[in-house]
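> Could you have a look at this structure, given as C-alpha cells, before my questions?
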Amino acid sequence: MNPPPSPPRAWAEIDLSAIRENLRTAREAAGCEVMAVVKAGAYGHGLEEIARTLAEEEIAFFGVANVGEARRIAEAGVATRIYLLGATWAEERAEIVARGWTPCISSLDEARHFNDLAFMRSARLKVHLSVDTGMGRGGFVAEGLAAIVEELKGLGSLEIEGIGSHLSSADEDEEFTRGQMAKYEEILGALGGPERFRWRHLSNSAGLMGYAREHCNLARPGLMLYGVSPLQGHPLRLRNVMSLKSRVTLVRTLPAGHGISYGRAFVTTKPTRVATIGIGYGDGYPRHVSGNGAEVFIRGRRFPLLGRVTMDQLMVDVTGSEVDEGDEVEMFGPNIRVEEVAAKADTIAWEILTGITPRVVRVYA
C-alpha cells in the first residue's frame, strides 16, 4: 500500500497571467522590441515554464547567462531566438554555432573562433558586439573599437547583427547612467550610425523605466517581468508574480524566559503563543532577516518572526490570534512584498528570488 502524498512544506505560486501583463507593460514602456531576460531559472520562477509562457507573446529574444540555460529552453520546445548575455568558453562555441544561438562578442579571439567554427559548417552566425560603456564586466572598450570592427568585417562567416551594452547604475546614479547612454551613442556614431546594426540594445528594467533611449530598438527587461520595480516609487504598475508560501506545523504557548531558536537571540518576556512554520534558509528564505523586524502573513494579519531563521523552520509570535496548525503562511507575495524581505535581509530582490531553492515546489496558475 502506497502512503498518501505529503503536501509540500514550502511552495511558490507563480501567476502566469501576471508575467504576461508585466511583459505588456515593459513593451509599452520601452516602445520597442523586447529581449526577455530569463537567466537564473527565470529569476527563480522556473525557466522552462516561463520561457514557454513568454514565447507565446512573440518576443524577439530570450536572454540567458550560459549555454546550459540556452539548452534547457531549446529542449523545452521553444523556438524563440536565444541570446547569450555574457562571454562563452571555447568548449561551448561549437554547440552555439550548431544551434544558431546568438552570442555577444567581447574579444577578437572569441570572434575568430566563432568564425572558424561557422566556416567549418558552411554557416553564417549572427552575433552582437558587446561594448563596455562603464559596467566593467565584459565587452569592447570604446578606444580602438573602430579598427577592431574593420577587422571583424573581414570574418566572412559572422554577421554583426547587433550591438549592446549594459547599464551599471540605472537604479542608483542618474548622472553616470546618462553618461553611459551618451558613450553608447558616440560608439554608434563612430561605427557608422545606428542604421549599421539591426539590433541596438542598452536598457535593463531600470533603464527602460527611467530613461528615454533615442537610438535603441531592443530592450532587455528582467526584474520587472517578475513584478518587481528596480526604481522605488516609480508610477509604473507591475503585478506580483511569485508568492512564497508555507504552513504552520506546530503551535505552542511558551513561558516567560524561554529561548527561541539557535543562540537564544530571542527570549520570551511573558507567556507567548509561538507558531512554527515549515520553511527556512534551506528553502531560500533569508537567514539575515533574523532580528530585523521581518513578518509573515497569516489569516489576514502580519506576525513577527522570533529568533533566528533555521534551515528548515522558523518561529513567529501569534499571541492573541486564532492561528492554528495547517494554516497557510505567506512569506512574501501581494501582502508582504519581496522588496520588504530583501530590505530586512540587507540585500536586493534579485538575490531573494533567485535564491529560492529547488525543494520549493513551483505551482503555476
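The values are calculated or read from the model by the stated rules, or taken from the named source; none is laboratory data. Not measured: the values here are computed from a predicted model. Cβ coordinates were reconstructed from backbone atoms using ideal geometry, including for glycine residues, and neighbour counts include every protein chain displayed.
> Could you check how many residues of segment 95-127 are part of a helix (DSSP H, G or I), surrounded by 15 or more Cβ atoms within 10 Å (Cβ to Cβ) and among the aliphatic types (A, V, I, L, M)?
The qualifying residues number 5.
> I would also like to ask the following. What are the pairs with Cβ atoms under 7 angstrom where one residue, in segment 132-145, is closer than 19 Å to Ser169 by Cα and the other, located anywhere, is assigned to a loop (DSSP other than H, G, I, E, B) and hydrophobic (A, V, I, L, M, F, W, C)? Sequence gap at least six, or different chains.
Qualifying pairs under 7 Å: Asp132/Val141; Gly138/Ala87.
> Inside segment 208-237, can you point out the residues that are over 21 Å from Ile50 (Cβ atoms) and either at pLDDT 95 or above or assigned to a loop (DSSP other than H, G, I, E, B) (or both)?
Scanning segment 208-237 gives Tyr211, Ala212, Arg213, Glu214, His215, Cys216, Asn217, Leu231, Gln232, Gly233, His234, Pro235.
> Pairs, please: C-beta under 8 Å, at least 6 apart or cross-chain, first residue of a type in the set (S, T, N, Q) and in segment 345-365, second surrounded by 14 or more Cβ atoms within 10 Å (Cβ to Cβ) and in a loop (DSSP other than H, G, I, E, B)?
Between residues of segment 345-365 that are of a type in the set (S, T, N, Q) and residues that are surrounded by 14 or more Cβ atoms within 10 Å (Cβ to Cβ) and in a loop (DSSP other than H, G, I, E, B), the close pairs are Thr347/Pro286; Thr357/Gly284.
> May I pose another question? Filter segment 161-206 down to the residues that are touching a residue at least 40 places away in the same chain (Cβ under 8 Å), among the polar types (S, T, N, Q) and outside any helix (DSSP H, G or I) and list them by number.
Ser203, Asn204
> Testing Ala60 on (1) more than 24 Å from Pro194 (Cβ to Cβ); (2) out of contact with any helix residue (DSSP H, G or I) (no Cβ under 9 Å at 6 or more places or on another chain), one condition comes back false. Which one is that?
Evaluating Ala60 over (1) more than 24 Å from Pro194 (Cβ to Cβ); (2) out of contact with any helix residue (DSSP H, G or I) (no Cβ under 9 Å at 6 or more places or on another chain) leaves (1) as the failure.
> Separate question: Test Ala343 against the stated conditions and say whether it is within 19 Å of the chain's Cα centre (by Cα), of a type in the set (Gly, Ala, Ser) and either over 23 Å from Asp15 (Cα atoms) or crowded, with 20+ Cβ neighbours inside 10 Å (or both).
yes
> For segment 1-78, which fully contained strands (runs of 3 or more DSSP E) count at least 3 residues that are within 16 Å of Val241 (Cα to Cα)?
Where strands (runs of 3 or more DSSP E) fall fully within segment 1-78 and carry at least 3 residues being within 16 Å of Val241 (Cα to Cα), they are 10-14.
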